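*Asks:* Structure in structure tokens, see below.
The values are calculated or read from the model by the stated rules, or taken from the named source; none is laboratory data. This is a predicted model, so every value here is computed, not measured. So basically every Cβ, Gly included, is an ideal-geometry build from the backbone, and we count neighbours across all protein chains shown. Note: areas computed on protein heavy atoms with side chains; ligands, DNA, RNA excluded. Shrake-Rupley method; radii C 1.70, N 1.55, O 1.52, S 1.80 Å.
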Amino acid sequence: MDLTYTEEEEEFRARLREWLGKVLPGLPPKPDPADWPARRRHDAGWQRMLYDAGYAGLHWPVDAGGRGATPTQHLIYLEETERAGAPYVGANFVGLLHAGPTIAAEGTAEQRARWLPPVLCGDEMWCQGFSEPDAGSDLASLRTKAVRDGDEYVVTGSKIWTSHAEVADWCELLVRTEPISAEVPKHRGISWLAMPMDAPGVTIRPLRTLAGSTEFAEMFLDEVRVPVGNRVGDENDGWRVTMVTLSFERGTAFVGEVVACRRTLGQLAAEARKNGRWDDPVIRRKLGRLNAELSALWRLTQWNVSEAQASGGVPGIGGSVFKLRYSHARQELYDTAAEVLGPDSLDLAREWNLDRLSSLSYTIAAGTSQIQQNIVAERILGLPKGR
Amino acid sequence: MDFQLSDDQRALKAGVRELLEGRFGRDALRAAVDSPSLDRELWRELGEAGFFALRLPEAEGGVGLGLPEAVLAFEEAGRVLLPGPLVATHLAAGSVEGAASGTVVVTDVDESGLVPWLEFADVVRGDASGAVPTSSVDPLTPLHKVPTAVGVPDGAVAALLTAAEQLGSAARTTEMAVQYAGERQQFGQPIGAFQAVKHLCAQMLVRAEVARSAVYAAAVTGDRLEIAGAKLLADDAAVRNARDCLQVHGGMGFTWEADVHLHLKRAWVRAEFGGSAAQAEEELAAAL
């Protein structure tokens with residue numbers, strides 16, 4: 001058990017920190033969240049800077065154009081960029097953390113050459129077309145169908161919760177290429193397609209969240225033609241292709257956020273000392289417990305990353321354990337923020353209140369807490385499948 | 001950074017588990033519950049195995065290992081509900097003659113004012129004058145209460161080792177619940193197939209694993225605050241996991257025959273030792 005970083009790791013950290021210190025002051029200000037074209041420009045600009053400096057696709061394999069960094073280096077990257085207040089991955093999220101790694105792992109040489117470089121340099125953005133109105137947690141029961149017509153699939157159906165749909169060039173789309181039947185159970189018969197978002201028949205309707213923003217959208221697909229060559233993996237093998245990368249989403253997506261939450265907790269304590277709420281021992285004790293909780297979650301992150309490194313870079317199922325606890329801790333943090341703020345917690349212009357609203361999605365997105373508990377119970381503890 | 005157990009640490013943990021399962025298995029536990037007394041022979045065997053001298057330098061006849069290794073050993077002790085003033089005797093190794101070898105049993109006056117195993121101990125550290133016996137909730141931890149208590153100097157290490165025992169208990173009750181949920185049939189299937197039961201078990205694992213990261217990290221850094229946080233989370237994991245384990249066992253869990261209540265009662269006792277939750281939370285808040 002060792003929590004010290006190696007000399008190489010510390011060197012990597014120092015170089016990164018120096019680069020961040022140099023480039024961040026010159027960065028344009030954060031765009032208006034409602035202005036999607038501006039958001040795209042901003043996120044693409046940051047990705048280009050990372051690319052030019054050699055930090056793009058840090059955790060991607062070298063033969064996919066990445067840097068082949070170790071999980072620990074990736075951890076350091078997320079820790080340092082968060083600490084320095086660097087931009088988030090933003091609209092590049094799906095391309096860099098999901099569709100990209102999927103294509104890198106399962107795509108042909110031609111597919112890798114076509115799609116991976118533009119993701120790394122920020123020229124092209126991706127969105128995710130997995131969930132449907134009737135297939136959320138039960139993702140495998142999706143119904144959007146793709147019918148083969150010569151060299152093309154004709155896709156009809158609808159998708160929902162498609163983040164960043166408004167600025168995406170490509171969509172990683174799960175479709176049904178075989179209808180569910182006695183011979184084809186629902187996990188079979190699914191295929192993974194790269195669908196161009198400008199194809200005729202694609203309609204996007206933004207969805208407004210309870211936080212007032214339009215982070216995601218509904219997508220309607222009316223006889224959209226997608227070349228067969230855009231299918232990654234075998235026909236009807238899309239479920240396995242998807243599972244290859246889903247663990248990455250739970251494994252590393254929240255690392256930077258834990259660092260951010262610890263910083264927020266410090267600011268909350270400062271606010272409480274300023275506005276007199278610190279005199280309330282109930283508030284103080286809650287802040288103290290959150291300190292223990294967030295420290296432990298950071299240690300759990302280091303534990304999971306070390307485990308991934310030992311097993312050759314594959315994030316284990318520990319991601320579910322982490323996600324379960326972290327999503328609740330984040331909500332607890334912002335509920336405590338509201339207690340510290342008192343009546344000011346009703347003012348959306350005050351810090352933390354929008355984050356409090358956003359935190360409500362954490363126990364739902366990327367697998368609800370209930371689904372995560374099933375995963376932990378069945379796949380780690382070995383309890384029988386059932387209802 | 002390699003925050004995983006080294007091969008040596010794995011071997012140590014496995015060795016302690018083997019020793020304790022052989023020497024203090026379930027039959028021994030139930031026999032001890034029926035007639036509580038301190039097993040001097042077992043104490044000496046622990047001494048010979050290096051349990052008490054683990055952190056004592058080799059030059060002083062110890063094993064020369066560190067806090068992480070001690071935490072792994074105490075985690076195993078917590079798993080099997082090993083009775084006796086283990087932490088106090090371990091801490092006294094090097095300063096109290098015979099503690100390291102397990103020939104002398106040492107107990108401490110805790111800052112809570114409680115003294116465990118007072119009538120069985122050879123040496124008491126702290127002022128135990130005016131000690132009155134209490135009717136202890138835990139059949140395997142006899143307790144005395146003293147009117148005024150001063151904390152022992154090694155408070156943080158005592159808290160960490162107690163947290164390690166809590167961790168072992170939390171992991172063990174998770175296993176017990178999962179095993180029972182896989183065997184017990186109701187409505188024509190194992191109760192572990194029901195989400196209501198499944199989710200209790202999943203949360204038990206999450207509590208144990210979060211506590212594990214906190215306890216192991218605190219052992220590596222030795223940081224006072226990190227130890228306070230680890231104790232807080234390990235207390236929670238041990239107490240709440242024992243309660244959930246009891247719930248999963250249903251009516252059986254409420255019986256004296258099932259071991260679940262022994263884990264819960266010991267977890268309650270350990271939670272009172274090494275500083276209260278309120279103290280830890282205040283300390284952690286003050287550092288923000």
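*Asks:* Mind jotting down the distance between the C-alpha centroids of region B:178-248 and region A:159-210, whole Å?
*Replies:* Computed from Cα coordinates, the inter-centre distance equals 38 Å.
*Asks:* How many nm is it between the label spots at B:Ser37 and A:Asp123, if each spot is 7 Å from the Cα in line with the beta carbon?
*Replies:* Each label point lies 7 Å from its Cα, and together they span 8.4 nm.
*Asks:* Right, here's the next one. Using only Cα atoms and rounding to the nearest 10 degrees, what angle (0 to 90) does helix A:255-275 make with the longest principal axis of chain A?
*Replies:* 30 degrees
*Asks:* Further, regarding this structure: Region A:79-147 to region A:285-347: how many Å between their Cα centroids?
*Replies:* After rounding, the separation between the Cα centres reads 24 Å.
*Asks:* Counting only protein heavy atoms and using a 1.4 Å probe, what share of the accessible area of region A:259-387 belongs to carbon plus sulfur, as a whole percent?
*Replies:* Solvent-exposed carbon and sulfur of region A:259-387 make up 53 percent of the total.
*Asks:* How large is the accessible surface of A:Ile371 in square angstrom, using a 1.4 angstrom probe and rounding to the nearest 10?
*Replies:* Using a 1.4 Å probe on the heavy atoms, I get roughly 50 Å².
*Asks:* Give me the percent of accessible area attributable to carbon and sulfur for region A:71-155, probe 1.4 angstrom.
*Replies:* Roughly 49 percent of what the probe reaches on region A:71-155 is carbon or sulfur.
*Asks:* Expected output is a single nm value to one decimal: the length gained when fully extending between A:Glu178 and A:Asp335, i.e. 0.36 nm times separation in residues minus the C-alpha distance. What is it?
*Replies:* Gain on extension, A:Glu178 to A:Asp335, equals 51.9 nm.
*Asks:* Using 0.36 nm per residue of separation minus the Cα-Cα distance, give me the extension gain between A:Leu360 and A:Ser163 in nm, one decimal.
*Replies:* Extending this stretch completely gives an extra 69.3 nm.
*Asks:* Can you give me the Cα centroid spacing of region A:215-232 and region A:354-373 in angstrom?
*Replies:* Centre-to-centre (Cα) distance: 26 Å.
*Asks:* Just want to confirm a number: the relative contact order over chain A, from Cα pairs under 8 angstrom separated by 6+ residues, in percent.
*Replies:* 13 percent
*Asks:* Which value, in square angstrom to the nearest 100, describes the accessible area buried between chains A and B on both sides, using a 1.4 angstrom probe?
*Replies:* Approximately 4300 Å² gets buried when A meets B.
*Asks:* Related question: From the square roots a ≥ b ≥ c of the eigenvalues of the alpha-carbon gyration tensor of chain A, which class results: rounded (a/c under 1.5), prolate (a/b over b/c), or oblate?
*Replies:* Since a/c reaches 1.5 and a/b is larger than b/c, the shape of chain A is classed as prolate.
*Asks:* Right, next: What angle, in degrees between 0 and 90 and rounded to the nearest 10, separates the Cα long axis of helix A:36-53 from the longest principal axis of the Cα atoms of chain A?
*Replies:* 80 degrees
*Asks:* Could you calculate the FRET efficiency of A:Glu110 with A:Asp234 from 1/(1 + (r/R0)^6), where r is the beta carbon distance between them and R0 is 22 Å, rounded to 0.05?
*Replies:* With a Förster radius of 22 Å, E is 0.90.
*Asks:* For the protein assembly as shown, what number of Lys pairs, 8 or more residues apart or on separate chains, have alpha-carbon atoms under 26 Å from each other?
*Replies:* Taking the Cα cut-off of 26 Å, the pair count is 21.
*Asks:* Can you tell me the accessible area per residue over region A:1-154, all protein chains present, probe 1.4 angstrom, in square angstrom?
*Replies:* Result: 47 Å² of accessible area for each residue.
*Asks:* Then there is this: Calculate the FRET efficiency for A:Asp138 and A:Leu346 from the Cβ-Cβ distance with a Förster distance of 35 Å, rounded to the nearest 0.05.
*Replies:* Working from the Cβ atoms, E equals 0.40.
*Asks:* Here is a follow-up. If I take R0 = 41 Å and measure r between the Cβ atoms of B:Gln185 and A:Ser213 in this structure, what FRET efficiency does the formula 1/(1 + (r/R0)^6) give, to the nearest 0.05?
*Replies:* Approximately 0.25, to the nearest 0.05.
*Asks:* Let me ask something additional. With each pseudo-label sitting 7 Å past Cα toward Cβ, what's the A:Ala199-A:Ala84 distance in nm, one decimal?
*Replies:* For A:Ala199 paired with A:Ala84, the spin-label model returns 3.9 nm.
*Asks:* Which percent of the accessible area of region B:1-143 is formed by carbon and sulfur heavy atoms (probe 1.4 angstrom)?
*Replies:* The nonpolar share, carbon plus sulfur, comes to 50 percent.
*Asks:* In nm, to one decimal, how far is the A:Glu7 label point from the A:Asp35 one, both placed 7 Å along Cα→Cβ?
*Replies:* Each label point is offset 7 Å from its Cα along the Cβ direction, giving 4.9 nm.
*Asks:* Further question: Rounded to the nearest 10 degrees, what's the angle between the helix A:109-120 long axis and the longest principal axis of chain A, both from Cα atoms, 0 to 90?
*Replies:* Between helix and principal axis, roughly 30 degrees.
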